[in-house]
Amino acid sequence: MVSKPIQWVFGIILLIGVGLGVFVEYDKAAEIKGYLGEGAKRVEESIKANGCLTQNAEANIAQYLRSNGMDPANIYFNASTGRQSYGSTAVNGALGYDFTIEVPGFNLPIYKVYLEKEIPNVNSDYVTGMTADTSACVGDFSNFGGVQMSTTDLGPTPTTNVTNPSIPTSLTFSGPTTVTVGQGGQYSGVVSMGATAAPAGTQVEISSPNGTTMATTQADGSFSVTITFPSVGPQVITAKAGIGTAAETVTVAAGAPVQLLLTNPSSGTGNYQTVIGNSISIQGMVTDASSNPVSLASISVTSDTSDVPNQTIKTNTQGAFNFTYTPKSVTTQHVTFTINSLTATANVSIQQGTPQSITLQSSTGSSYSSSPLTITAGQAINLKGNVAGLYGSPVSGVTVSVASPTDGIDNMAPNGSITTDTAGNFTNLDVVLTQTGTQAIQATTAGINSPAQIQVNVNPAGAAKVANLAVTPDQIASGGTVTVTGQILDSYGNPVQAGTALTLVGPVTTTNATTGSGGQFALTQTVSTPGMATLKVQSNGATLNGGTVAVNVLPTGAYSLAVSLSSDQVLTGGSLTATITLKDNTGTPISGKSITLSESPEPSALVTTHVTTDNSGQASVTVGPVTKVGYESLTAAMDGVANVIGTSTFQVLARPPSLLIANVSPSTTQVWTASNPVPLPVISGTVTDSYANPIFGASVNVSGGYGANVSGSTDSNGYYSLSVKPTNIGGPFALSFAVSSTQGNFNTVQGSLTVTAPITVPVDKVLAGTVIAGQTGTMPNKVGSGTVITPGPTDQAIPQGYYGGALTDGKVKGVVVPPANVLTGTTIAGTAGTMPVHIGGANVNSLSWWTGGGSTVYLEPPVGYYDGSTWTYYTDPNLVSRNIKNGVSILGVTGTAQTLTINAGDAIASESTTVQQNTSSNWVQYQNMGFRINTPGTYRLKFDIYGPSGGTSAYGQVRVNGTTVGTTFKYVCSYPPSVWETMQEDITLNAGDYVTLWFYADPYVGYPNSEVRNFSLCYGVANASSLGSWQ
């Protein structure tokens, strides 16, 4: 058992040992911080020279840290891995190490320590091909397993996850998001360094459309700046301080409208012209005082026409507007656009369109109607009508054609050309109709497929002349009977109405009768006075023109010859028997006499032309068959004796109808509707008996599945003409004919009619004013409209309509694109760009440089486009630090050249009296000087180091060309401070090497302080003694 005094002594000794051990462990922390600082410095040097931390540099740093006892598993490493082009800045990083302070000999942990050195932002001097280190950039730091933690070091803090970084890490930036062009906006923000505000005077770089400007923070880290926007549209303002950035997107609107212009037509007159039914496009622009387009501006539209109701439109994003409407009246319209106090008026002259419809009315005086009109042949009628375009608008100056499909004789335009007036009206006076029957009169003009039509019923005028006058026979014996036949016509050649009273006036006797249908008549009269007897056909006491006929009346002789017929009427194809009786003047029959027979007008109907009387003075003969409808006569004459003749007249009647000829035109038609009044098909032809004799006055009725039956009558030629209204779709429909007449009835089926559905016309695909199948097109006709489409940033619709392919119809305005101003690989309006493209950090060698004798270097870049991340450079191998005076910076290259001359074997640059102090924990270059080596070989370096503060650990090291070589010397100062300590080491140097001395102190009690002096080099170890001792 150990006594308590011994325990106390042992405990005291243990405590003293622990304290000394802990002191040693804290001293170890100071060494680690130095190693981290050196590693961080080597990272900076690699980034500056190579644009990134290279693989060679990383391996060098890793070897250095391991050689100083640092475990890679506890090392945290973060630095820029992307290569930075010349002048650009790498992101900052950090190098850290965590370890545990323990009680020596007991392995008892007493404190967890994490030390870290910042790798600040480094500006790259890297130029391709100008660095000796050709290794690639480090891709990751997988060779190091440390984790970044909160630092326990008193030195610089890490760049992330820290509360007090040495550079700005973030900032806010805000202001108005909508401003007016040309006016200023106030934008402000706060710059932070970690969790605290940046100190006063921190610079903030602000990029705006006006360029780049700088702002300075106040004591609370805030800053503000006024920015004016010179152009409209969305724009971005960016603020940057340190590694912190912020941006604000601002919509810059145009100023108040000061100009309202109509931009088409290009003359700017505001005068427009179009055709009724065609859309008109009125384009314009609204700008502010600086000619900036005012987007989304509300424009009031008013007019003096109901075609344009009051409304509001807006400009597009380019400040333009396009107002389109369709005029529906022929006039000059005024459309006014108003915004605030600005107005612009479009004067739109609407021209008439093509005819769309036509009307027609008739009258015998001044009261017009479209109803059927009844007149007498030779009577004059008056016509009037109207030609209208779209929307019922008048069409003036067009020629109207008036014709009749049923009357090909009369002149339907006795006054010459018919033209519409300004109201679209036309008149056609004193049209004389001479042809009887139901006459259709039609009016039409170019472009109209369905003419206007009226109906006029023309009755015959009074009896005026006789046609086809005949007397049968034309030679008789005294007291014989003649038959006078013919047709009574009016003065225009029309058969008079049935029942017209006639008188046949002979030498002694007068016979009265009336006309039958077709003006036909047959009058019989006995004439006794020998000689040439004149017979006259009269009406109302006047002899008709062509109504006189002569009959040769023979005087009574020794014989009389009589002809009697078995019937005075016979049907076509039939025959009758004639009995000829010859007597003397005492009435005694005479036999054995030869008689000659003749028949008129069908001599062929008489087979026997000579007969001889029998004992009773008679002879018989057959007449027939006869085939011609009308009156015929048989004449008998006694051979060898003059003036002995006998005559008899008979009538040949038509047989029942047996033949019908029909023609259907057209045989295929559209269905008729009130909205689609297509022209009516016409069925026409003739009705005859079996001997081709026309059947006059026969009723013809046509039926079929096409619609309602139609009927009509045949004329004297057996001709009929009927218009049918096809109301049922289908077919072909067979046409059934039912003919009824006084001669008999007849039925037949001939021809057909096909009825189709109305043609569907896509009127929006048919030109306005064009009529197809009764439907009028609505497609605007843009021929000659001069429509111009100006290319813009967005797609623009082509105004609807038909364009004929000429530039006067419409065009997309040509764009002249200078190819030299367009990037290679980009095509604008068919023009391929030729401007070279320099983007993506691929730096470009300048063509030349020029200073003009001043301090500014001007680089001539190759022609092309640069995206802001690509540099143009000019390489001058003489622009290196060793050619520049020490302490002088030229274009970012700081000079290191000394005025000292180094000779082999000389002791050089002995600083025996100069003492330099460093009161920071950062490495500092001694005297901010170094030495350039001329002669290669082994040199001995020496310097004095001192730490005047108790507990201070001072460090010194020599760097060759920026890289630490040899040993990092450590001076541990006791308390109170001791004397200077001399450090020396032999190193091998090459010609051109630049040698510098660096030092710093790691404080123990919070007060860093270190001093160095007497830095010298001596050439050659072997002859060092001949130079004497170091001073």
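The values are calculated or read from the model by the stated rules, or taken from the named source; none is laboratory data. Here the structure is a predicted model, which means the values were calculated and not measured. Please note: Cβ atoms are built from the backbone with ideal geometry, for glycine as well, and neighbour counts cover all protein chains shown.
Side notes on the structure shown:
- Of the residues making up the range 29-77, those that are part of a helix (DSSP H, G or I), of a type in the set (Gly, Ala, Ser) and in contact with a Ser or Thr (Cβ under 6 Å, 6 or more places away or on another chain) number 4.
- A Cβ distance below 7 Å, combined with a sequence gap of six or more or placement on separate chains, defines the contacts here; from the range 134-162, residues that are modelled with pLDDT of 85 or more reach residues that are polar (S, T, N, Q) and in a loop (DSSP other than H, G, I, E, B) in the pairs Cys137/Thr81; Val138/Thr81.
- Residues of the range 940-967 that are part of a strand (DSSP E or B), at pLDDT below 85 and either at positive phi or among the small types (Gly, Ala, Ser) (or both): Ser953, Ala954, Gly966.
- Flag for Lys782 being within 30 Å of Gly447 (Cβ to Cβ) and buried (at least 17 other Cβ atoms within 10 Å of the Cβ): yes
- Qualifying residue in the range 242-255 (condition: under 30 Å from Ser341 (Cα atoms), at pLDDT 90 or above and assigned to a strand (DSSP E or B)): yes
- Complete set of residues in the range 334-353 that are closer than 26 Å to Gly389 by Cβ and either more than 28 Å from the chain's Cα centre (by Cα) or of a type in the set (Lys, Arg) (or both): His334, Gln352
- Residues that are among the β-branched types (Val, Ile, Thr) and in contact with a Gly (Cβ under 9 Å, 6 or more places away or on another chain) were ranked within the range 196-223; the one that is nearest to Ile243 (Cα to Cα) is Val204.
- So Ser684, is it modelled with pLDDT under 90, surrounded by fewer than 21 Cβ atoms within 10 Å (Cβ to Cβ) and over 23 Å from Thr579 (Cβ atoms): no
- A search for C-beta distances below 6 Å between a residue of the range 867-884 that is in contact (Cβ under 8 Å) with a residue 40 or more places away in the chain and any residue that is aromatic (Phe, Trp, Tyr), counting only pairs 6+ apart in sequence or on different chains, returns Trp871/Tyr86.
- Check on Pro977, at pLDDT 60 or above, surrounded by 13 or more Cβ atoms within 10 Å (Cβ to Cβ), part of a loop (DSSP other than H, G, I, E, B) and not charged (D, E, K, R): no
- Selection within the range 133-152 - in contact with a helix residue (DSSP H, G or I) (Cβ under 6 Å, 6 or more places away or on another chain) and closer than 17 Å to Ala29 by Cα: Gly146
A quick yes/no check of all residues on (1) free of Cβ contacts under 8 Å to residues at least 24 places away in the same chain; (2) farther than 30 Å from Met638 by Cβ; (3) part of a strand (DSSP E or B):
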residue: Val458; (1), (2), (3): no, yes, yes
residue: Val466; (1), (2), (3): no, yes, yes
residue: Tyr492; (1), (2), (3): no, yes, no
residue: Asn512; (1), (2), (3): yes, yes, yes
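- The number of residues in the range 414-430 that are more than 13 Å from Gly385 (Cβ to Cβ) and either of a type in the set (Asp, Glu) or surrounded by 14 or more Cβ atoms within 10 Å (Cβ to Cβ) (or both) comes to 1.
- Within the range 657-700, the set of residues being of a type in the set (Ser, Thr, Tyr) and either in contact with a Phe, Trp or Tyr (Cβ under 9 Å, 6 or more places away or on another chain) or assigned to a strand (DSSP E or B) (or both) comprises Ser658, Ser665, Thr668, Thr669, Ser684, Thr686, Thr688, Ser699.
- Summed over the range 753-778, residues that are out of contact with any helix residue (DSSP H, G or I) (no Cβ under 6 Å at 6 or more places or on another chain) and buried (at least 16 other Cβ atoms within 10 Å of the Cβ) total 14.
- Taken over the range 183-233, residues that are of a type in the set (Val, Ile, Thr) and not in a strand (DSSP E or B) amount to 3.
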